[in-house]
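First up is the structure itself, then whatever we jot down about it.
The values are calculated or read from the model by the stated rules, or taken from the named source; none is laboratory data. All values derive from a computational prediction rather than experimental measurement. All Cβ positions, even for glycine, are placed from backbone atoms using ideal geometry, and neighbour counts span all protein chains on display. Calculation scope for accessible area: heavy atoms of the full protein, side chains included, ligands and nucleic acids excluded. Shrake-Rupley method; radii C 1.70, N 1.55, O 1.52, S 1.80 Å.
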Amino acid sequence: MHVEPPNRKLSVLVPCYNERATIERLLNAVVAVDTGLELEVLVGDDGSKDGTRDILDKLNLPGVTVIFMPENVGRGGVIKHLWTLATGDILVHQDADLEYDPQDYLPLLQPLLLNRADVVYGSRFKGSIEKMRWLNRMGNHTMTTAARMLYGVQVSDLMTCYKMYRTPLIKGLHIAANGFDFEAEFTARLAQRGARFAEVPVSFHGRTFEEGKKIRAFDAVRVMRELVRCKVAGEARG
């Protein structure tokens, strides 16, 4: 798929759940990035119960819109809802913690602006990693290898938060997954649509489960299941 929409606005999609300690600092870091494009930041709070909603309710940052989900729908569910509201020519996913650096938007944008790719993944394994557990690293490598074998996508970090892509790619795209398995179905569906993938190195500073890390071992099982299901079923339109 070779699409060349105008590149005027970047929409940053921020799913958020119980991130009281980091959400305000993260959003300040996002709006401080100068990409040369108009910036739209959409924050979807997924039913936080730790005071995050109070912080977001009082937030006053230019270009930032907060949406309070009526019920908890999962990370993928929030992103899918934000798709319906985004007006940017290019979209990027941004976790609400401080594991990723928004300054990495700049290298992520380059393959898109140069029309060398339709979707760009930020690879932690090609960049720098701090505090990633060995089990998480091995699980990610296993899931990424499965994605390469099943779909031929040349990526090294399937589960990276940083996925930046042209908005027309998601037109009519149906994604069933709502949790972390969203990452698998999203990658599978774009590959099935013939999207051109690229990767750039990004930096990563991981958290422990005690600090708020949310992905668990059973999520890896769901991701692997989703990769196989999408391959067998083909793309569903909707």
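Using a Gaussian network model of the chain with C-alpha springs under 10 Å, which one of Leu108, Leu91, Leu135 is most mobile by mean-square fluctuation?
Among Leu108, Leu91, Leu135, the largest GNM mean-square fluctuation belongs to Leu135.
Within the chain, how many Lys pairs sit with Cα atoms under 18 Å apart, leaving out pairs fewer than 8 places apart on the same chain?
Taking the Cα cut-off of 18 Å, the pair count is 11.
So, taking all protein chains as they sit and a 1.4 Å probe, how much accessible area belongs to His174, in Å² rounded to tens?
80 Å²
Sort the range 1-90 into rounded, prolate or oblate with this rule: let a ≥ b ≥ c be the square roots of the eigenvalues of the Cα gyration tensor; rounded if a/c is under 1.5, and if a/c is not under 1.5, prolate when a/b is larger than b/c, oblate otherwise.
Taking the square roots of the gyration eigenvalues as a ≥ b ≥ c, the range 1-90 is oblate.
Could you work out how far apart the two model spin labels at Leu114 and His174 are, taking each label as a point 7 Å from the Cα in the direction of the beta carbon, and quote it in nm?
3.8 nm
Once fully extended, how much extra length lies between Arg148 and Lys58, figured as 0.36 nm per residue of separation less the alpha-carbon to alpha-carbon distance?
Values: separation 90, 0.36 × 90 = 32.40 nm, distance 4.36 nm.
Computed gain between Arg148 and Lys58 is 28.0 nm.
Using only protein heavy atoms and a 1.4 Å probe, report how much of Ser11 is accessible, in Å² to the nearest 10.
0 Å²
How many Å² of accessible area per residue for the range 37-156, probe 1.4 Å?
Heavy-atom SASA per residue in the range 37-156 reads 45 Å².
Just to make sure I understand: if all protein chains stay in place, what is the order of Arg166, Arg137 by accessible area at 1.4 Å, largest first? Show your work: numbers first, answer last.
Working: Arg166 5, Arg137 80 Å².
Per-residue accessible area, sorted high to low, gives Arg137, Arg166.
Hey, what did the range 1-158 get for relative contact order, percent, Cα under 8 Å, at least 6 apart?
Averaging sequence separation for qualifying contacts and normalising by length gives 27 percent for the range 1-158.
Out of Val120, Gly88, Gly63, whose Cα points farthest toward the positive end of the dipole of the range 43-137 (charges: +1 Lys, Arg; -1 Asp, Glu; placed on Cβ)?
Most positive-ward Cα: Val120.
Kindly provide the trypsin sites (Lys or Arg not before Pro) of the range 21-127 that DSSP labels as loop, not H, G, I, E or B, and whose Cβ sees at most 16 other Cβ atoms within 10 Å. Could the numbers behind the result be given before it?
Details: sites: Arg25, Lys49, Arg53, Lys58, Arg75, Lys80, Arg116, Arg124, Lys126; in loops: Lys49, Arg116.
Within the range 21-127, the qualifying trypsin sites (Lys or Arg not before Pro) (loop, at most 16 other Cβ atoms within 10 Å) are Lys49, Arg116.
GluC sites (Glu not before Pro), restricted to the range 1-84: which are DSSP loop and have at most 13 other Cβ atoms within 10 Å? All intermediate terms of the calculation are to be shown ahead of the outcome.
Working: sites: Glu19, Glu24, Glu38, Glu40, Glu71; in loops: Glu19, Glu71.
Here the GluC sites (Glu not before Pro) that fit, given the DSSP loop and packing criteria, are Glu71.
Determine the gain in length on full extension of the stretch Met138-Lys231; use 0.36 nm per residue of separation and subtract their C-alpha separation, reporting nm with one decimal.
Values: separation 93, 0.36 × 93 = 33.48 nm, distance 2.27 nm.
Answer, rounded to one decimal: 31.2 nm.
Quick one: grab the alpha carbon gyration tensor of the range 65-151, order the square roots of its eigenvalues as a ≥ b ≥ c, and give me rounded if a/c is under 1.5, else prolate or oblate depending on whether a/b is larger than b/c. Before the final figure, lay out each step's value.
Numbers: a/c = 1.57, a/b = 1.21, b/c = 1.30.
Since a/c reaches 1.5 but b/c is at least a/b, the shape of the range 65-151 is classed as oblate.
Where the accessible area of the chain is counted over protein heavy atoms with a 1.4 Å probe, how much of it, in %, is carbon and sulfur? The partial results should precede the final answer.
Working: 5640 of 10620 Å².
In the chain, the share of accessible area belonging to carbon and sulfur is 53 percent.
What is the chain by shape, rounded, prolate or oblate, if you read a ≥ b ≥ c off the alpha carbon gyration tensor as root eigenvalues and call it rounded for a/c under 1.5, prolate for a/b larger than b/c, and oblate otherwise? Could the numbers behind the result be given before it?
Numbers: a/c = 1.37, a/b = 1.15, b/c = 1.19.
Since a/c stays below 1.5, the shape of the chain is classed as rounded.
Let me have the 222 nm mean residue ellipticity of the chain computed from DSSP H runs of 4+ only, each contributing -39500 (n - 2.57), with the sum over all residues rounded to the nearest 500.
Values: 7 runs with 80 residues, N = 238.
Calculated from helices alone, the mean residue ellipticity at 222 nm is -10500 deg cm²/dmol.
Taking every pair of alpha-carbon atoms in the range 78-125, give the share separated by more than 11 Å as a whole percent.
Working: 832 of 1128 pairs.
Considering the range 78-125, 74 percent of its Cα-Cα pairs are separated by more than 11 Å.
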